[in-house]
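Written out below as structure tokens is the structure these notes cover.
The values are calculated or read from the model by the stated rules, or taken from the named source; none is laboratory data. Quick caveat, the model's predicted, so the values are computed rather than measured. We place every Cβ from the backbone using ideal geometry, glycine too, and count neighbours over all the protein chains shown. Quick note on the areas: whole protein, heavy atoms, side chains included, nothing else; ligands and nucleic acids left out. Shrake-Rupley method; radii C 1.70, N 1.55, O 1.52, S 1.80 Å.
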Amino acid sequence: MNGTFVAGKRKALIELLQKFAESLVNYFPDVSEKVSLLSQKVSNEQFNLVVLGQFKRGKSTLINALVGDNILPTAVVPLTSVITILKGSSVEKITVYFAHGGWSEISRDELPEFVTERLNPNNVKQVERVEIELPANFLKNGIHLIDTPGVGSIYSHNTDVSYHFLPNSDASIFLLTADQPLSIAEVEFLRSVRAYVDKIFFVLNKIDMLSETEQNDAVVFIVDSLAKELYADTALEMRSRIRLFPISARAGLNAKLSRDEMAYKRSGVADLEIALLDFLADEKGELILQNASKRARQLASELTLLIELQRKSYKEPLERLQKKIEKFRAFAKEVHQQEEEILDLLSAAQRKIIKMLDDDMSDFETASQPKVLALLDAVAVQSKSFKPSDFAAELNKAIVDIVTSTVEKWRLDEETKIKNIFNSQALELLKRMSALVDDIYQTSADLFEVNFKRMERGEIFSDETQFYYMILQDIKPSLEEVTEAIVKKLPKRIAQGLIYRKAKETLTIELDRQCGRIRYDFVQRLDKSVLHLRQLLSESVATHLAKIETIISEALVLREKSSAEVQDKIKDLEILLSTIEGFDKRLAQFFP
Ligand SMILES: Nc1nc2c(ncn2[C@@H]2O[C@H](COP(=O)(O)OP(=O)(O)OP(=O)(O)O)[C@@H](O)[C@H]2O)c(=O)[nH]1
Ligand SMILES: [Mg+2]
């Protein structure tokens, strides 16, 4: 499938949906609003394309090249320190979101003050993320291009931020550079990336630093190593399947800025850009359009039923109509009961996930105890010759490292587990609730003896079932208060013994504390996700039942008032019915 074709289709669908919404606005403002949201959804649907790699591989430069704008700060020292999300829009706007929940709009010149290690060291400004809205071609069609801090530098908090963001990636660009062969740290990071992201575009940057032969050697070496390291079992087969894009991001950026198309091609960034756009068009484009048109057709069929119901309510002998309404109300009660059952299932799922988390966490803590103590012991042995204050500092540092690395891997795994369970449960419940809504329409159609065209529902949009994302704060253990007192009064060996014992204690406490934090974080996110889903679930049934009630009682009121108006109304409804039918036919042409 090619990108331009999908883009054209997308534009046509957006327009059609907007017209459909306009035609309904006077009679059914709520449905009109839904159709209009659908059209917005198609134009906004996001796809997170995350740019990853070790520090200084040229991530920010590549993003600048793709959007053709030197907007992100780049430097020769480790720089990017917060997640920066670039989105398409017609006007430029930059917003900083803080960890405590506030936000503020800033200008382009102020950007470095928030996103760089130099001006915002250790993220003292507590920035959660920065969002840049930019009128750039590459960002059209809902692509979010995301810059991440480089991993593996001495600023370990930067590494954490990038690791934490992995679960939000739909696809990623992974940067390696020609001047440095694949490192162990890179392979390790890639393994984590692969656990989250199905599609990785491998890029070899800075090829301008090598001769052509050197470039070729580098490509062969890296593809070979990637195949071996990442796909041990199928390395041979993978070697021919891995595509590595050799580029010069810097040359690409310069070419884009000076609108030199040939130079842009030569930089290799053009080929990468085409591959990215094709992939995005294939993966997401069609599916989004298909879902939106299915949903719009479903709204059309629900609306048609409502109109038919109203028409019937104008014409049906009153006594028969009253009987039908009574039956409908009895049915509505049953529906509410079924709705309650579905909501109970949600609470049960929530309890089950928390129980699983607690069990997993306690298993993890028990299993890690001896391992972390052994690691600390090794550091203590190595640092035996240090004077007590250095010995304490060394152990202190080791505690942070040990706890962070031990906990982080487990946290990522557990997060995937929880996310998968939550998302699949959410999907299941949403499907059941949709089926219940379909039942409401079908049963009403049967009761009142009107036609109803039951439509296939579109897939549920991913953001309806998303497990929430939040940033976890760093850990800061401390041995310091004890050391001061001990160091001053005791001989070295005894002091070291005491420090070591205290360190073991601190290590256990920190492990437990960090687990507690993670539990708190997971539980909070789960609560938020459940709350959101509960709202989504309970809204649907109630609103649909209410709509049917309203439409019938409106007709009844008018019947008592004036028969001339009833005749006019029936004519209006018939016109509206044919309008809706017309839109439905055009929507059907999108995905016959
Ligand atoms: N020679 C050469 N240098 C490049 C190229 N791309 C980027 N650089 C330079 O590499 C350095 C790092 O680039 P950045 O874009 O800041 O790298 P980064 O990966 O975003 O770095 P962090 O944010 O610290 O992770 C800068 O000095 C860039 O000018 C390239 O294609 N060729
Ligand atoms: Mg950067």
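Things to note:
- If the condition is being in contact with an Asp or Glu (Cβ under 7 Å, 6 or more places away or on another chain), in the same structural domain as residue 172 (by TED's automatic domain parsing) and crowded, with 22+ Cβ neighbours inside 10 Å, then the range 243-295 contributes only 248.
- Filter result for residue 574 (open to solvent by 30 Å² or more (accessible area, probe 1.4 Å), out of contact with any Ser or Thr (no Cβ under 8 Å at 6 or more places or on another chain), part of a helix (DSSP H, G or I) and in contact (Cβ under 8 Å) with a residue 60 or more places away in the chain): yes
- Residue match in the range 114-134 (condition: within 16 Å of ligand 1 (Cβ to nearest atom), open to solvent by 20 Å² or more (accessible area, probe 1.4 Å), at pLDDT 85 or above and in contact with a Phe, Trp or Tyr (Cβ under 6 Å, 6 or more places away or on another chain)): yes
- Checking each residue in the range 34-92 for being near ligand 2 (Cβ under 9 Å from one of its atoms) and β-branched (Val, Ile, Thr) picks out 51, 61, 63, 74, 80, 84.
- Tallying residues that are open to solvent by less than 20 Å² (accessible area, probe 1.4 Å) and free of Cβ contacts under 8 Å to residues at least 40 places away in the same chain within the range 26-66 yields 1.
Results for (1) at pLDDT 95 or above; (2) under 23 Å from residue 58 (Cα atoms), shown as yes or no for each residue.
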site: 81; (1), (2): no, yes
site: 85; (1), (2): no, yes
site: 89; (1), (2): no, no
site: 93; (1), (2): yes, no
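- Of note, residue 279 satisfies the criterion of being aromatic (Phe, Trp, Tyr), part of a helix (DSSP H, G or I) and over 14 Å from residue 178 (Cα atoms).
- Within the range 135-160, being within 15 Å of ligand 1 (Cβ to nearest atom), open to solvent by less than 10 Å² (accessible area, probe 1.4 Å) and among the aliphatic types (A, V, I, L, M) holds for 145, 146, 151.
- Within the range 197-216, one or more residues are basic (Lys, Arg) and within 15 Å of ligand 2 (Cβ to nearest atom).
- Answer residue from the range 67-96, given it is farther than 15 Å from residue 129 by Cα and among the hydroxyl-bearing types (Ser, Thr, Tyr) and is least open to solvent (accessible area, probe 1.4 Å) among those: 89
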